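Shown next, in structure tokens, is the structure this report addresses.
The values are calculated or read from the model by the stated rules, or taken from the named source; none is laboratory data. As the structure is a computational prediction, the values presented were derived from the model and not from experiment. Here Cβ is always computed from backbone atoms with ideal geometry, including for glycine, and neighbour counts include all displayed protein chains.
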Ligand SMILES: [Zn+2]
């Protein structure tokens, strides 16, 4: 089995047993003095040039005790991309890169699929793929200490709570397995990481 798929399936097994999962990592602001040095320590920075990404940071914002958003990705009409980091979180950085990888695999970042309840199913799918994919990519990079599987579970579950029917986190991740594996593959391959 392909390494990425094997990693993904092992993570799904963990998500199937939520009681065994660790708590999410605490969220911290980047902080004024250490924001830029932190950005320079991030893995896969070699992706910035080929994907035309500008990386920026908000050290703090609005006096909030912890970041409301961990990071945001902006797609501009000239095909340039800006990733703005708020939280001191390698997992967040990879989550944002997963959103970019999805567009490199042909998916429109602005696409919506809104049902009669006003629920955007593509938003739920894309956030699931980004967060689950970050856990997969970091495991493939042997950076398990940054895999925030507890947050992955809570993040996806919060999004699934919008649905009018019950859906488990593990089931949602499993149903998107081909897409998420393809996005992780695109990300790691473009960054020059050998995964097999
Ligand atoms: Zn996201």
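Screening residue 46 with (1) within 18 Å of residue 184 (Cβ to Cβ); (2) buried (at least 16 other Cβ atoms within 10 Å of the Cβ) gives one miss only, at (2). Looking at this structure, is residue 106 at pLDDT 95 or above, closer than 21 Å to residue 192 by Cα and assigned to a loop (DSSP other than H, G, I, E, B)? Answer is yes for this residue.
Against the numbered list (1) more than 16 Å from the ligand (Cβ to nearest atom); (2) in a loop (DSSP other than H, G, I, E, B); (3) over 20 Å from residue 149 (Cα atoms); (4) out of contact with any helix residue (DSSP H, G or I) (no Cβ under 9 Å at 6 or more places or on another chain), residue 50 comes up short only at (4). Just checking, does segment 55-75 include any residue being in contact with a helix residue (DSSP H, G or I) (Cβ under 9 Å, 6 or more places away or on another chain), more than 22 Å from residue 186 (Cα to Cα) and assigned to a strand (DSSP E or B)? Within segment 55-75, one or more residues are in contact with a helix residue (DSSP H, G or I) (Cβ under 9 Å, 6 or more places away or on another chain), more than 22 Å from residue 186 (Cα to Cα) and assigned to a strand (DSSP E or B). Residue-level analysis places residue 39 outside the set of residues that are in contact with a strand residue (DSSP E or B) (Cβ under 8 Å, 6 or more places away or on another chain), within 16 Å of the ligand (Cβ to nearest atom) and touching a residue at least 24 places away in the same chain (Cβ under 8 Å).
Scan segment 56-106 for residues that are within 24 Å of residue 182 (Cα to Cα), surrounded by fewer than 20 Cβ atoms within 10 Å (Cβ to Cβ) and more than 13 Å from the ligand (Cβ to nearest atom) and the total you get is 7. The condition of being farther than 21 Å from residue 27 by Cβ, within 16 Å of the ligand (Cβ to nearest atom) and under 16 Å from the mean Cα position of the chain (by Cα) holds for only one of 125, 157, 151, that being 125. Annotation: of all residues in segment 114-124 being touching a helix residue (DSSP H, G or I) at 6+ places or on another chain (Cβ under 8 Å) and either touching a residue at least 40 places away in the same chain (Cβ under 8 Å) or within 20 Å of residue 174 (Cα to Cα) (or both), the one that is surrounded by the most Cβ atoms within 10 Å (Cβ to Cβ) is 124.
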